[in-house]
Amino acid sequence: MSEKKMSVTVLLPAGRLSRDILAKIYTFVDKYGLELYCSTMQNIRLLDVPESKVQEIKDELIPLGADFKGPGKFPTPRVCVGKPHCNLGLIDITVLNKAIADRFAERQNVKAKFKISLAACPLGCSGSKLTDIAVVATKKGFELFAGGRGGPFPKIGRRYLRGATEAEILDAIGALVDFHDLKTVKKQRMYKLLDDAEFPLTEV
Ligand code: SF4
């Protein structure tokens, strides 16, 4: 009987892939004949990994700084490419991405299933208004949206902050995630909480 095939999903903070991780992934692709899937969710997935090789691959990638998708992790934001790689970019989106990663790095047992997106201008190429929590850079500071979702029945997120600072954005994300945790048994999209009387933010 042929061995079961698995996938290994490597997270790509701000969509960036380091040279060392890229080179190591290539060795696995070459060695095991893998396929790679670059997803829209800021990760790269190694497909068709023989089950017996999963741990070996992880063990070799971890020392290079790789992190992996897994239950209970704070979501890796989906980001646009931002300044200076896009002419319309107002900010270097990696800075905000890192601020979020640093602020929520210690959070564990985060309940599914909400996503975060970041955009460096109001065009929102990362799907800002179709994401549970979205931050958009404008010329007058940040805007924060909540409650968007894609899929077969899309919903447009509502705006809860405008002209906000990075610190205000981090606090608001913290409040939303705390509220989601409080009101969620196992998993829940953010839009279901917007009309709760205790929702922590006010629409603007
Ligand atoms: S959201 Fe704006 S800055 Fe980001 S990729 Fe799209 S157009 Fe460029």
Practice task
Taking Leu88 as meeting all but one of (1) over 15 Å from the mean Cα position of the chain (by Cα); (2) of a type outside the set (D, E, K, R); (3) farther than 15 Å from Asp171 by Cα; (4) surrounded by 15 or more Cβ atoms within 10 Å (Cβ to Cβ), write down the number of the exception.
Solution key: (4)
Exercise for the section: All but one of (1) within 25 Å of Thr184 (Cβ to Cβ); (2) among the aliphatic types (A, V, I, L, M); (3) assigned to a loop (DSSP other than H, G, I, E, B) hold for Val135, so report the exception by its number. Expected result: (3)
Problem - Meets criteria (without any contact (Cβ under 8 Å) to a residue 60 or more places away in the chain, under 23 Å from Asp20 (Cβ atoms) and away from the ligand (no atom under 16 Å from the Cβ)) for Glu60 - result: yes
Problem - Count - residues of segment 42-59 that are surrounded by 15 or more Cβ atoms within 10 Å (Cβ to Cβ) and in contact with a helix residue (DSSP H, G or I) (Cβ under 8 Å, 6 or more places away or on another chain) - result: 7
Practice task
State the number of residues belonging to segment 60-71 that are of a type in the set (Gly, Ala, Ser) and open to solvent by less than 20 Å² (accessible area, probe 1.4 Å).
Solution key: 1
Completion exercise
Of the residues in segment 91-103, those that are away from the ligand (no atom under 16 Å from the Cβ) and surrounded by fewer than 18 Cβ atoms within 10 Å (Cβ to Cβ) come to Lys98, Ala99, Ala101, Asp102, Arg103
Practice task
Filter segment 149-172 down to residues that are in contact with a strand residue (DSSP E or B) (Cβ under 6 Å, 6 or more places away or on another chain) and either open to solvent by less than 20 Å² (accessible area, probe 1.4 Å) or modelled with pLDDT under 95 (or both), then give me how many there are.
Solution key: 5
Practice task
Inspect all residues belonging to segment 35-48 and state whether any of them is away from the ligand (no atom under 16 Å from the Cβ), of a type in the set (Gly, Ala, Ser), more than 25 Å from Pro122 (Cα to Cα) and not assigned by TED's automatic domain parsing to the domain that holds Lys140.
Solution key: no
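The values are calculated or read from the model by the stated rules, or taken from the named source; none is laboratory data. These numbers come from a predicted model, not from an experiment. Every residue, glycine as well, gets a Cβ built from its backbone with ideal geometry; the counts of neighbours run over all protein chains shown. Heads up: the accessible areas ignore ligands, DNA and RNA and are worked out on the full protein's heavy atoms, side chains in. Shrake-Rupley method; radii C 1.70, N 1.55, O 1.52, S 1.80 Å.
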